[in-house]
Amino acid sequence: MAGLFITLEGIDGAGKSTHAGFIAQRMADAGHAVVQTREPGGTPLGERLREVVLGHPMDILAETLLIFAARAQHLEEVVRPALARGAVVLCDRFTDATFAYQCGGRGVAESSVEALASITHGDLSPDLTLLFDTDAGTARGRVLARNATDRFEREDLGFFERVRNRYLEQARREPGRFCVLDAGQSIADVQAAIARAIGRRIG
Ligand SMILES: Nc1ncnc2c1ncn2[C@@H]1O[C@H](COP(=O)(O)OP(=O)(O)OP(=O)(O)O)[C@@H](O)[C@H]1O
Ligand SMILES: [Mg+2]
């Protein structure tokens, strides 16, 4: 039985981590085995690469390649085996984040990320992507209230507006895969919208 690959996307502070546990619980209650994971990271190597990517200033192509290195390991070690077992894989960020942050935010060529995505997982794309969408100012306020910031979270609001717009562009290109949620609402209202979206898309 093939599993289900669900990804959570959105700018820093949109609420991905806040809602991941809620979604995992709903899927578990529905009787699914759930693997909750994140990118960059999700494996011992991937978590080490995450520390480097989030903490160390670097060339944007180097950044993109490290993210795909972590992704290749994650797919091989965690995502593909879990899907093969029939599990629901709930992943906090995936390749849409690379298009949004590295292409939209930093200006990496789309064709470069398309090529890397094709090499790394040409045969696999998420079944459902929940895009937590809110404006950069709201998200920034939440991140600052949360505590220490990383290298991405210290970018200016213009960067996050570009990232947000690139995410929305991807959602327009693939309306069948994406579900865009208004993440500016209260946590309870976002969760109600998640429940409706999951019910509608995957029953
Ligand atoms: N709808 C909401 N209303 C108010 N506060 C929220 C809402 N959603 C999340 N928060 C709060 O905002 C902060 C950031 O949320 P969270 O860590 O889930 O964002 P994230 O999308 O995972 O960000 P990152 O990409 O940086 O990991 C948290 O302190 C969380 O409690
Ligand atoms: Mg998070």
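The values are calculated or read from the model by the stated rules, or taken from the named source; none is laboratory data. The model shown is predicted, which means the values in this text are computed figures rather than measured ones. For neighbour counting, all protein chains shown are included, and Cβ atoms are generated from backbone atoms with ideal geometry for every residue, glycine included. SASA here: full protein model, heavy atoms, side chains in, ligands and nucleic acids out. Shrake-Rupley method; radii C 1.70, N 1.55, O 1.52, S 1.80 Å.
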In the range 1-31, residues that are within 15 Å of ligand 1 (Cβ to nearest atom) and assigned to a loop (DSSP other than H, G, I, E, B) total 6
Among (1) under 30 Å from Ala30 (Cα atoms); (2) open to solvent by less than 30 Å² (accessible area, probe 1.4 Å); (3) of a type outside the set (S, T, N, Q); (4) more than 15 Å from the chain's Cα centre (by Cα), the one test that Val53 misses: (1)
Check Ala82, Ala70 and return the single one that is open to solvent by less than 10 Å² (accessible area, probe 1.4 Å), under 30 Å from Gly158 (Cβ atoms) and not charged (D, E, K, R). Ala70
Residue match in the range 70-83 (condition: β-branched (Val, Ile, Thr), within 25 Å of Ile194 (Cα to Cα) and part of a helix (DSSP H, G or I)): yes
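In the range 94-130, what residues are outside any helix (DSSP H, G or I) and aliphatic (A, V, I, L, M)?
Residues satisfying the conditions are Val108, Ala109, Leu124, Leu128, Leu130.
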Step by step: first the residues of the range 42-93, then only those that are on the phi > 0 side of the Ramachandran plot and in contact with a helix residue (DSSP H, G or I) (Cβ under 8 Å, 6 or more places away or on another chain), then the one that is nearest to ligand 1 (Cβ to nearest atom). Which residue is that? Arg93
Residues that are away from ligand 2 (no atom under 16 Å from the Cβ) and among the polar types (S, T, N, Q): does the range 128-143 have at least one? no
Gln185 is checked against (1) assigned to a helix (DSSP H, G or I); (2) without any contact (Cβ under 8 Å) to a residue 40 or more places away in the chain and fails just one. What number does that condition carry? (1)
Does any residue in the range 131-157 that is in a loop (DSSP other than H, G, I, E, B) and among the acidic types (Asp, Glu) come within less than 8 Å, Cβ to Cβ, of a residue that is open to solvent by less than 50 Å² (accessible area, probe 1.4 Å) and within 8 Å of ligand 1 (Cβ to nearest atom) six or more places away or on a different chain, and which pairs are these? Asp135/Gly184; Glu153/Asp12; Glu153/Gly13; Glu153/Val143
If you go through the range 9-45, how many residues are within 15 Å of ligand 2 (Cβ to nearest atom) and either closer than 18 Å to Phe99 by Cα or open to solvent by less than 70 Å² (accessible area, probe 1.4 Å) (or both)? 20
How many residues are over 20 Å from Asp156 (Cα atoms) and surrounded by 18 or more Cβ atoms within 10 Å (Cβ to Cβ) when one looks only at the range 85-119? 13
The range 144-203: number of residues that are more than 9 Å from ligand 1 (Cβ to nearest atom), of a type in the set (A, V, I, L, M, F, W, C) and open to solvent by 50 Å² or more (accessible area, probe 1.4 Å): 5
